[in-house]
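Taking it in order: structure first as C-alpha cells, then the write-up.
The values are calculated or read from the model by the stated rules, or taken from the named source; none is laboratory data. Everything numeric in this text was worked out from a predicted model, so none of it was measured. Note that we place each Cβ from the backbone using ideal geometry, even for glycine, and neighbour counts take in every protein chain shown. Keep in mind that these areas ignore ligands, DNA and RNA; they rest on the heavy atoms of the full protein, side chains included. Shrake-Rupley method; radii C 1.70, N 1.55, O 1.52, S 1.80 Å.
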Amino acid sequence: MPERRTVALVTLGCARNEVDSEELAGRLEADGWLLVDDAAEADVAVVNTCGFVEAAKKDSVDALLEANDLKGHGRTQAVVAVGCMAERYGKELADALPEADGVLGFDDYSDISDRLQTILSGGHHAPHIPRDRRKLLPLSPVERQAAAAEVALPGHGGAESAPEDLPEGLAPASGPRTLRKRLDDSPVASVKLASGCDRRCSFCAIPAFRGSFISRRPSDVLQEARWLASQGVREVVLVSENNTSYGKDLGDIRLLETLLGEIAAIEGVERVRVSYLQPAEMRPGLIDAMTGTADVVPYFDLSFQHSAPAVLRRMRRFGSTDQFLELLGTIRGKAPQAGARSNFIVGFPGETEEDFAELERFVTHAGLDAIGVFGYSDEDGTEAATYDGKLPEDVVADRLDRLTRLAEEMTAQRAEQRIGTEVEVLVESVEGDLVEGRAAHQAPETDGLTTLTGVEDPQVGRFYRARVVASEGVDLVAEALEQVRVGQAPGAGE
C-alpha cells in the first residue's frame with residue numbers, strides 16, 4: 001500500500017477561519033490524506049491566511065515564507081495559501097509571492113484534495129482573479145437561500161453528500177452534509193451561524209471577499225453542535241461576520257433568540273456564547289435571550305469601533321457615546337456581571353481631538369472587560385481609502401498609544417471589580433499545578449484567563465464554581481469552591 005499523503009493546516013486570523021480549516025481538514029481526511037500537526041512533517045503545508053488588516057496580512061505572508069523555508073530540509077514539498085488573503089488577492093498574491101506553490105480561493109475548497117494533488121505532482125492550478133462576492137447572491141436577502149447552492153460558502157457545507165463510510169472523527173454535520181475534522185481537543189469550538197455581511201462600513205473590505213450575508217439553517221447549526229458535543233465540546237461559540245442579522249434571509253430576524261435555547265438544550269453543551277454583535281442591530285428580545293436563557297452566557301461582543309457621532313457617520317455606522325452607554329446599562333440592568341468587549345479604530349480620516357476625547361469618555365465609563373485598539377490605515381478597495389482628512393502617522397500613533405493605555409487601565413479596573421464575586425470557570429489547560437480556564441465573561445483567544453486554585457484532580461472540560469480572589473490586568477485568580485455543571489451563569493437574571 002502506498003504511503004499516505006500528508007498535509008498540515010496552519011491557521012491565522014479569527015475563529016471563522018478556524019472553522020474553515022476544520023472543514024478543509026474533514027474534506028482532506030475523507031479523501032485519504034493524513035493530517036499532521038507539524039508542517040515539517042507534511043508533504044503539503046496549507047496556510048489559511050487572514051486578509052483583514054495590514055498586520056494580519058503581514059503575519060500571513062510571514063507564515064507562508066516560514067513554511068516555504070521547510071522545503072528542501074525535510075518532507076515538505078509544497079506550500080499553498082488559502083483563506084481570506086488568498087481569496088481577496090488571488091493572482092496578485094501569487095505574482096507577488098512566488099514562494100507559494102498555489103493560491104486557492106473559496107471556490108476551490110470543495111475540490112481541495114484534487115487541487116493539492118495537482119500541486120504536489122508538479123502541476124499548476126491557476127490562481128483566481130478576485131471578484132466582488134457580494135454580487136454572487138441576490139440583492140434581496142429573502143432570495144438568497146435558493147441561490148446559495150451555487151455559491152462557495154466555507155463552513156456552510158457543500159452541495160454534495162458525504163460518503164457513507166466516513167473515517168472516525170468526521171462530522172456529517174450540515175447541509176446537506178459537510179465534513180469537519182477537529183484539529184485540537186479543546187472543550188471549546190466555534191460554529192458558524194452565517195457568512196458575509198450586508199453592512200457597508202467605509203473602512204471594511206470583508207463584504208467584498210466574504211460576500212453578502214447569508215444564514216445557515218437552524219437544523220444545520222443544531223446538527224453540527226450535537227456532533228461537537230459528542231466530540232467532548234462543552235462550550236459552543238457562535239460566530240459570523242454579524243450574528244445580530246441571523247435569520248433575516250430566513251424570514252425571521254428573531255430566529256437567534258429561539259435557536260440559543262435549542263443549542264443550550266443539547267446534551268453535553270454546557271455553555272453557549274455569541275460573538276460578533278452589531279450595536280445598531282441589538283434588540284430587546286435578543287438581550288433578554290442572552291441574559292435570561294439557561295447555559296447561554298451573558299457575554300456581549302459589541303462592535304462599537306468609535307463613539308463620536310461625526311466619526312461614526314463617516315464610518316457609515318450609527319450611535320453615540322450616550323446611546324452606547326445606555327445599551328450597556330440596559331444589559332447590566334438584566335445581568336449585572338455581564339461580560340462586554342469591543343474594538344476601536346483611532347485616527348480615522350477627519351477624526352478631531354474633540355472626537356478622540358469623546359471616545360476616551362466612552363471607554364472611561366463603559367466598563368468593558370476587554371478592548372482591542374487599532375490605528376487607522378487604508379484598506380484596498382474601501383470607501384475610507386478615498387477620504388480626505390487623513391491624519392499624519394505620528395498623530396495616529398500617539399492616539400493609538402493613548403487609547404491603548406487607557407484601555408489597559410479601564411479593563412484592569414473592571415477585572416479588579418470582580419474580586420469577591422463568584423464565577424463559573426471552564427478548565428481549558430492543566431499543566432502541573434497550573435490550572436487555567438475562562439469565566440463566563442471571558443471569550444477564548446480575545447479576552448483574559450482565570451487561574452484556579454484549590455482544585456483537586458483538575459480535568460480539562462470540567463466547570464467549577466469559584467470565588468475571585470485577585471486580578472492581574474484582565475486576568476483573574478479564583479479559588480475553586482465546587483465542581484458544577486453550568487446552569488444559569490452568575491449575574492444572569494439578577
Hull-based mean projected area of region 390-474, where the convex hull spans the alpha carbons, in square nanometres: 7.0 nm²
Would you give the gap between the C-alpha center of region 215-236 and the C-alpha center of region 369-398, rounded to a whole Å? 37 Å
May I ask you to list the chymotrypsin sites (Phe, Trp or Tyr not before Pro) in region 262-366 that are in a DSSP loop and have at most 15 other Cβ atoms within 10 Å of their Cβ? Phe318
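Keeping every protein chain present and rolling a 1.4 Å probe, give me the accessible area per residue for region 53-112 in Å².
Here the per-residue accessible area is 42 Å².
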In nm, the gap between the two label points placed 7 Å beyond Cα toward Cβ at Ala280 and Thr352 is 2.2 nm
Distance between region 294-314 and region 1-74 - C-alpha centres, whole angstrom: 33 Å
Bins of 5 Å, beginning at zero and ending with the bin holding the largest distance: percent of Cα pairs per bin for region 241-301, please. 4, 19, 31, 27, 14, 5, 0
Ignoring ligands, DNA and RNA, please state the percent of accessible area on region 1-153 from carbon and sulfur, probe 1.4 Å. 51 percent
Heavy-atom accessible area ranking, 1.4 Å probe, most first, across Lys192, Lys181: Lys181, Lys192
Please compute, for the alpha-carbon atoms of region 436-479, the extent along each of the three principal axes and give them in descending order in Å. 27, 21, 12
Cα convex hull of region 61-117: how many Å³ per residue? 75 Å³
Could you sort Lys135, Lys57, Lys91 by their accessible area in this structure, using a 1.4 Å probe and putting the largest first? Lys135, Lys91, Lys57
With every protein chain present, what accessible area does Ile419 have (1.4 Å probe, heavy atoms only), rounded to the nearest 10 Å²? 70 Å²
For region 288-329: span of alpha carbons on each principal axis (Å, largest first): 39, 16, 11
Write down the Å³ per residue value for the convex hull defined by the alpha carbon atoms of the chain. 153 Å³
Looking only at Cβ-Cβ distances, which cysteines of the chain have no other cysteine closer than 4.7 Å? Cys14, Cys50, Cys84, Cys197
Accessible-area value, Arg226, 1.4 Å probe, nucleic acids and ligands omitted, Å²: 130 Å²
Translational diffusion coefficient (Stokes-Einstein; Kirkwood radius from C-alpha pairs) of region 1-102 at 4 °C, 1.567 mPa s, in µm²/s: 95 µm²/s
Tell me the per residue accessible area of region 319-399 using a 1.4 Å probe; a whole number in Å² is fine. 42 Å²
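Ignoring ligands, DNA and RNA, what percent of the 1.4 Å accessible area of region 351-486 is carbon and sulfur?
Looking at region 351-486 in its full context, I get 46 percent from C and S.
Chymotrypsin sites (Phe, Trp or Tyr not before Pro), restricted to region 366-430: which are DSSP loop and have at most 16 other Cβ atoms within 10 Å? Write down the numbers at each step before the final one.
Values: sites: Phe374, Tyr376, Tyr387; in loops: Tyr376, Tyr387.
Filter output for region 366-430: Tyr387.
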Helix-derived mean residue ellipticity, 222 nm - over the chain, DSSP H n ≥ 4, -39500 (n - 2.57), to 500: -9500 deg cm²/dmol
A chain fully extended from Asp184 to Asp398 at 0.36 nm per residue, minus the present Cα-Cα distance, gains in nm 73.1 nm
Surface accessible to a 1.4 Å probe, per residue, for the residues of region 261-309, Å²: 26 Å²
Can you pull the percent of Cα pairs in region 174-312 with separation above 17 Å? 61 percent
